[in-house]
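Working notes, beginning with the structure itself.
The values are calculated or read from the model by the stated rules, or taken from the named source; none is laboratory data. Note that the structure is predicted; figures quoted are calculated from it, not measured. We place every Cβ from the backbone using ideal geometry, glycine too, and count neighbours over all the protein chains shown. We work out accessible area using only protein heavy atoms, side chains counted, and drop any ligands, DNA or RNA first. Shrake-Rupley method; radii C 1.70, N 1.55, O 1.52, S 1.80 Å.
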Amino acid sequence: MNPFTTQSLEGILRRDVHTPLYHQLQGFLRGLIERGEVADGEQLPREEELARRLRISRVTVRQALQILADDGLLVRQRGRGTRVVGGKGRSSAIPMPLKTPLGELIHSLDTLAGNTQVRLLGWERVVPPEPVRVQFGSGPDEPLVRCVRVRSRHGHPFGYYASWTRTAHPDFNAENLAYGSRIALFRRCGIRFVQVRQTVSALRVGALTALHLQMSPGQAVMTLERRSYGDEQQLLDLLEIQYRPDQLRYQMRLDYEANPETSV
C-alpha cells in the first residue's frame, strides 16, 4: 500500500496539539523509514506534492525533510528530489520485542521499568471528565492525577501510557513521574493495591499516539487497560497503555491440572 496517497495521509497531522506540524511530519516519515515501509533508495513525493496532499505549506514539508536529512535518513538533491538512504547515518535497527508474562504482574512491571526509559508528556491534578468520575466513584470537585508518558528502549518508543490516579500525596508529582517507575512511586506514597484487573485488546492508533510511537495513524496497536483497586474494591488507578506490537509481547502459560486415576 502506498503510504503517500491522500487517503493514507489523512489525519496524520493534528492541528489541535502543541507539537509543530513539521515535527509531526518528520516523526511520521521517520516511522515509515525505520519500519521499512519506504525502502532504501525509494524516491519520496516532491515537496509541493506532499504539501498539497497534507494541506500544509512547502516550508513545513521542507523543515521535516531537512531534519531527516540531517539524521542521515534522506538525501536531498536539487532537481532530483529526495530519496531514502541507508548507511551509518541510518537509525539502528528496531530491537527485538520485550517479552513479559501476564502473571507475576508486579515483578514484570518492575523489570520493564528497570530496562526502559520514560518521557513525561503531561501531568496535571484536575477534576476528571464525568465518564472517569463514574468509574472512580469520585465527586464533582475531587481532583485526580492525570499523567501521560512514553516508554522507550534503545531510543525506540514502544508504549504510550495514559493514567488517572486517586491520590493527594505531594510526592506523586511531575518531577517524580518524569524519571522513575510509577510502581516505585506508588510504594513511596503508600498507595497499596490489593487487586489488579487488566484486559488486552487490539485497537487502531490515533494520530497523536501514533506520532509519539512513530507509527502511522490507523495501524493496529495492542491496548492494555489496567485497573488497580485498594481496600473495599475502591478504584485507585486507571491506566491505558498502547503498545507497538513489534516491540512488546505478553506471554501466558496454561497448565492442565493432572487428573489422578481413580480405582474402584
Quiz item: R0 = 30 Å: FRET efficiency of Gln66 with Arg146, Cβ-based, nearest 0.05?
Solution: 0.30
Exercise. Give me the percent of Cα-Cα pairs in region 156-222 that sit more than 14 Å apart, rounded to a whole number.
Key: 68
Quiz item: Round to a whole number: what % of the accessible area of region 114-222 belongs to carbon and sulfur, probe 1.4 Å?
Solution: 52
Practice problem: Normalise the Cα radius of gyration of region 46-88 by 2.2 N^0.38 Å (N = residues in it) and let me know the number. | Solution: 1.16
Practice problem: Go ahead and run the numbers for FRET between Thr199 and Arg80, Cβ-Cβ distance against an R0 of 35 Å, rounding to 0.05. | Solution: 0.10
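Loop only per DSSP, at most 16 neighbouring Cβ atoms within 10 Å: give me the trypsin sites (Lys or Arg not before Pro) in region 143-234, ordered by residue number.
Arg192
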Quiz prompt | Cα-projected label distance for Gln233 with Thr5, points at 7 Å along beta-carbon direction, nm | solution = 4.9
Quiz prompt | Bins of 10 Å, starting at 0 and running to the largest distance - Cα pair percent for region 132-191 | solution = 19, 47, 28, 6, 0
Quiz item: Working from the pairwise distances between different alpha carbons, so that the mean of 1/r is found and then inverted, what is region 107-221's Kirkwood radius in Å?
Solution: 15.6
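Compute the orientation-averaged projected area for region 1-88 from the convex hull of its Cα atoms and round it to one decimal in nm².
5.7
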Practice problem: Multiply the residue separation of Val127 and Gln43 by 0.36 nm, subtract the distance between their alpha-carbon atoms, and state the gained length in nm to one decimal. | Solution: 25.3 nm
Quiz prompt | Probe 1.4 Å - accessible area at Glu10, Å² to nearest ten | solution = 120
Exercise. With label points built 7 Å along Cα→Cβ from the Cα atoms of Asn173 and His154, find their separation and express it in nm.
Key: 3.7
